[in-house]
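Bear in mind that the values in this text are calculations on the coordinates, not laboratory data. All figures in this text were calculated on a predicted structure; none of them were measured in a lab. Neighbour counts run over all protein chains shown; Cβ positions are idealised from the backbone, glycine included.
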Amino acid sequence: MTGQILWAIFMPILVIIIGLIYMGLARKITARIHNRYGPPFYQNIIDVIKLFSKKDVANHGVMFSLGPVIAVAGMVISLLFIPIGNRPLLSFNGDIIVLLYLLVIAPLGMALGVGEGANPNGAIGIARALTLMLGYEVVLVIAAVAVMIHAGSASFMEIIRQQQGGVAHWFIWPLFLSALATDIALQAILGEKPFDQPIAPHEIASGPMVEYGGKFLGMLQIYHAIAIIVETGIFVNLFLGGGSLVWWFVKSFAVFFVALLINAVMPRFRIGQAFKFYWTYPAAIGLVGLIIVAIT
Amino acid sequence: MAKERPPKGLKGWAQGRSLWILQFCTGCGAVELPPVMTSRYDMERFGITPMATPRQADLLLITGYLTVKTLKRVIRSYEQMGEPKYVIGFGSCTVNGGMYWDSYNTIKRLDLYLPVDLYIAGCMPRPEAIIEAFNRLIEGIKQGKFNGWIRYKENLRWYKRNQAMIMDIRKWSIDKKLAEEVWREVQEERRKIFEQATVPHVYEYAERISEVG
Amino acid sequence: MFGINMNPYELLAAVFGLGAILTYLLGHFDRHLKTWLTLITLALATYIFLHLPNEYSLESPSLLFGIDKLSWLFGILTLGLGTIVAFALLAYPELSPNFYFMFILNIGASIFLLLSRDLVAFFLMWELMSWTIFAMILGDGGAERGRAATKYLVWSAIGAAFILFAFAILAKSTNSFEWSGIVAGISQMPSGWRVAAIALLIAGFAVKAAIMPMHTWVPDAYAESPHPFTAFLSGVLSKLGIYGIFLAFFVLSARFELVNMPKIFGTHIFGYILAWIGALTAFGASLIAIKQEHAKRLLAWSSISQLGYILFGFGIGSAIGIAGALFHAVSHALFKTLLFLILAGVIKRTGTDRMAELGGLIKKMPLSFIFAVVGGLALAGIPMTIGFPSKWLIYEAAIHQGFIFTTVLIFAASTAVFLYYYRFVFSIFLGELHANHQDVKEVPFPIWFSYILISIPIFWLGLFPGKAMQIFAEIAEQFDLPAVTNFTATTITTPLGSFNALIVGLVFFASFAFGLLLYFIGGRTRKVHQYDTFLAGEADEPVKLHYGQRFFYFLERELKPLYRISVEKIYQFVAEFTRFVADQVRKGFFCGNAQAYLYYMTIFIVILVFAIWRIKL
């Protein structure tokens, strides 16, 4: 029990650091693809230190400053509900559907905060993010339902348990179409191109973050760092069989890496196109996968 | 209140290693930035990244001459940035007007209106010079040398006065109260001069303005 | 009781009747007296309601009343939320005494509807309830209100006709007017009549429960009814339709075992059809809610969508599905009442519900904003509020039962909730404050106190869903339905997974503390003016930059093909067609030719003579 509590306190910090390193590596890898040298892999940690040390940050009100706080809190609680490296913390107290709803707390809190910022760019960013969410959530759910029906359970631990015993047991093989659909959805969940319309620095001045600076932006970086781990972690747990701590992070980085490669060479969809895209091809792929699972 | 000092130690190091820039793409300097960003010179090596809004940025780049119209926006953007914040002026236009030295509509000396930390000479400076400037700035920030925003805060009234000479600061300043006050002061002064105006007087005043602006 | 030798049922009826009449008469003298009288009436009624004996029968006319767990649940909702809404009415002294008269009668009719145990009493109370709603929507009149009220009335009449027809079938076939007799006799009915009766009943109740395609009166009626009353209309009165569907679906058809039809995915085809209707209602209505420009219409469509969820849960018909549907009925009653009351407060202060004209009210009405967030969290189904366990149960039931396509539709609908909820809260409370609303004040005490009263159960049942599950298990037991038994006060376990509400709540607060810690680690902040926003260096005073109109325009553009589908067009066509035929008939018969009229008279007399001759034989 003490060990669990210590792990529950230590783990988010570990995940934040690893997530920031992921982001740094992402910049490095993108730079290499662009034939640049790129920043050091710990660049994002420096960024966060700098952001937290900044003073005189603009503050539009209570909800505005609570937004990033809720964003971090919502991500930390989601993190505690997914088993990381065979170390379940609270996974017995909630299943995939609980997690899907916990994942929403963070963006919702942030959206409310952005709203008080009273910047139309922020609101447009949120509107785009929500539109995109309506797009990819359907795909994600189609895939998740397939997994739940295949495993006969919605509990992460049960799903991971059924995938034990080598690569051949991973759900990615029997549920290949669902995994593919989830991976396409993941591109938007991670906010990577071609689905980075909510942020789109060139169109709407980084959207939701437009009024956030200094420590607020630092908190949002931390939120993003945890979000990467949680979101890739869902894929790892559902389709790649979890794994021990190191393996888990290796797998999660592999998932992130795929998204990164696509990100590095892609332009951006118009938001309507992105929405339409999700409701056509990935949804169709997922539905075929779902029907196959339901029949067999 | 203790006198504010630029960050040193870990904070200063982090600040130096992670400069997020806000480009104010005026004049011809803007075109020198793409080479600095892309694979040839790659400023991201030093953690320098372009940012979309002043809220997120630490470093304001004034890339060339500033018309009075642009200056208003620049001042507002500068005042919206969080501290610590730095300003780099590109090219001779920001130093002394450059090739626009006799233009009626551009400002000649940027540091009358904003505290410039570093100038890059040249018309236009080449990317190498820009990278060199960034490196100087980073080194300086790490040692706590640059304190532009502190100067701006301490001499705010002076800066506002200078700004009020050429633009309506009431609309464009963040600190509306001070702006209102300074604006009234400057108007009062102007009114007095014109009241007792003889023709040479007005010329003299016009000259003073053109020196400033 | 009170030294009066009266049956509590009679007393309850007397309280409602006298309360209504007294409120109406005395309401003309003082602006506030009518609301206090309403509150006293409702308090007395609640007291009596909680002490009702199980059975009561009236000799002539022979009516039968009784209370069971299901009536108790819906009755508590009706009386509790009715009282809260009445409390909020303290801030609306401008409403006429007629309204209060109708309001009390409406609650009384709803309560006796829930208590009725035979068809006659049920139908009488149903009609009284419907007509009082009509009177309240109509109010003082006006073209728009009249249109909305007429639309409601037509639909209500159609629904009542369905119900009456179904009751006639049931009474004729089982020779009984009592529910118990019908439930006992229904198994001897011919199969076709049985299906027809149940389908007609569900169709009739679906009008009140705003299920597609019987929903078209809802947006207009909700938009035009008095603002605080809309809360009651959406929160409680729609639940009476749900109550009726529950009766028809589970009590009468004994969980469709009596309807001899094939099964799909382990569910009866009847339930399957209902689940599809429910899912399509939820999906379609939430997509339409996204594009509304008026906040009341947005919430109205949201109500239709959420009621679709409940029907979906009933359609699944498994233990979890029924519990989830009932749970969602309770949670929808709570949070939608709250949201409509908040909107009523906003309209009271600003005079409009057009979202493009609002904005930035968080600075002026912080309390309303907080409760709008609470209501929204429950609407969106965020854990820790009552909205989550109910939705979660429905999802688990659907996936467990293998309802794959409908599950996807339901999930899409609940994602759409985030869209329209954010639009609602952003356009009203966040963003830029409109120039006209610079000196708007917080809503008056009765309104915000009613927010607090509703928020307590929202959080309490959100953290301890087991308390509600206990009641649902008892209801299921009472009607011999499968019940979810695997739960404690905080945890619910289904075959698929489990959910511990209290742990989620506690961990969230721990995480929140972590977030706050980060907040305090960071440097100091500076409070900036609302207009001090980044607009590429521009200063924005002279411009209005509230992003309130056509919030999801890019989405609407993509969804255009879906938006083109509309049942209203079909109804329009039917109406046009009927008008055309009737016109032709009128032209044909009332031609103004005396000779023709003479023919009609002759034919009529011939028929009359023939009839008399037949009867004599």
Using alpha-carbon coordinates, inclination of helix B:127-142 to the longest axis of chain B, degrees: 90
Solvent-free Debye scattering, log10 I(q)/I(0), computed from the Cα coordinates of the protein assembly as shown at q = 0.05, 0.08 Å⁻¹: -0.40, -0.90
Total lysine pairs under 21 Å (Cα atoms) in the stretch B:9-154, excluding pairs fewer than 8 apart on one chain: 12
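How many lysine pairs in the stretch C:503-607, separated by 8 or more positions in sequence or lying on different chains, have Cα atoms less than 29 Å apart?
Going through the stretch C:503-607 pair by pair, I get 4.
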Among beta bridges that DSSP assigns inside the protein assembly as shown, antiparallel share in %, nearest 5: 50
Neighbourhood charge, 11 Å Cβ-Cβ cut-off, centred on C:VAL443 and excluding it, Lys, Arg +1 and Asp, Glu -1: +3
Proportion of all alpha-carbon pairs of the stretch B:1-77 beyond 21 Å (%): 39
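By the gyration tensor of its Cα atoms, with a ≥ b ≥ c the square roots of the eigenvalues, what is the shape of the stretch C:575-616: rounded for a/c under 1.5, prolate for a/b over b/c, or oblate?
Working: a/c = 7.49, a/b = 1.80, b/c = 4.17.
Note, shape of the stretch C:575-616 comes out oblate.
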Using alpha-carbon coordinates, inclination of helix B:156-166 to the longest axis of chain B, degrees: 60
Over chain A: Kirkwood hydrodynamic radius from C-alpha pairwise inverse distances, Å: 19.5
The stretch A:162-279 - Rg and Dmax from Cα coordinates, angstrom: 16.1, 49
Relative contact order of chain C, defined on C-alpha pairs under 8 angstrom at six or more residues apart (%): 12
Debye log10 I(q)/I(0) for chain C, one point scatterer per Cα, at q = 0.06, 0.07 Å⁻¹: -0.35, -0.47
Rounded tilt (10° steps) of C:143-174 against the dominant C-alpha axis of chain C: 50
Where labels lie 7 Å past Cα in the beta-carbon direction, separation of C:VAL585 and A:THR2 in nm: 8.8
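What value does the stretch C:261-565 have for Rg/Rh, both radii from Cα atoms and Rh as Kirkwood defines it?
1.02
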Fraction of beta bridges assigned by DSSP in chain B that are antiparallel (%, nearest 5): 5
A:ILE33, C:ILE104 arranged by Cβ crowding within 10 Å, fewest neighbours leading: A:ILE33, C:ILE104
The stretch A:33-163 - Rg (one decimal) and Dmax (whole number), Cα, Å: 18.7, 53
In sequence order, calculated HN-Hα J values of the stretch C:108-123 (Karplus, 6.51, -1.76, 1.60; Hz; x Gly/Pro): x, 4, 4, 5, 6, 4, 5, 8, 5, 10, 9, 5, 5, 4, 4, 5
Other-chain or far-sequence residues with amide H under 5 Å of C:ILE386's (modelled H): C:GLY462
Dipole of the stretch B:1-106, positive end: most advanced residue of B:LEU22, B:PRO7, B:GLY97 [Cβ charges, Cα centre]: B:PRO7
Kirkwood Rh (inverse of mean 1/r, distinct Cα pairs), the stretch B:9-154, angstrom: 15.1
Hydrodynamic radius of the stretch C:37-116 per Kirkwood, over alpha carbon pairs, in Å: 13.5
Whole-Å distance, taken between Cα centres, linking the stretch C:403-452 and the stretch C:564-608: 48
Exposure proxy order (Cβ contacts within 10 Å, fewest to most) of B:ASP111, B:ASP42, B:ASP168, C:ASP439: C:ASP439, B:ASP168, B:ASP111, B:ASP42
Between the stretch A:138-180 and the stretch C:281-346, the alpha-carbon center distance in angstrom: 31
Coordinate range along principal axes, alpha carbons of the stretch C:254-403, Å, largest first: 58, 28, 22
Cut-off under 5 Å, modelled amide H: who pairs with B:VAL87 long-range: B:LEU60, B:ASP117, B:LEU118
Convex hull of Cα atoms in the stretch C:439-566, direction-averaged projection (nm²): 17.1
P(r) weight above 15 Å for the stretch C:110-168, C-alpha pairs, percent: 52
Column: log10 I(q)/I(0), Debye, Cα scatterers of the stretch C:207-247, q = 0.15, 0.21, 0.27, 0.33 Å⁻¹: -0.34, -0.63, -0.92, -1.12
Other-chain or far-sequence residues with amide H under 5 Å of C:ARG526's (modelled H): A:VAL57, A:ALA58, A:ASN59
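So what is the 222 nm mean residue ellipticity for chain C from helices alone, if each DSSP H run of at least 4 adds -39500 (n - 2.57) and you divide by all residues, rounding to the nearest 500 deg cm²/dmol?
Taking each H run of at least 4 residues, the total per residue is -23000 deg cm²/dmol.
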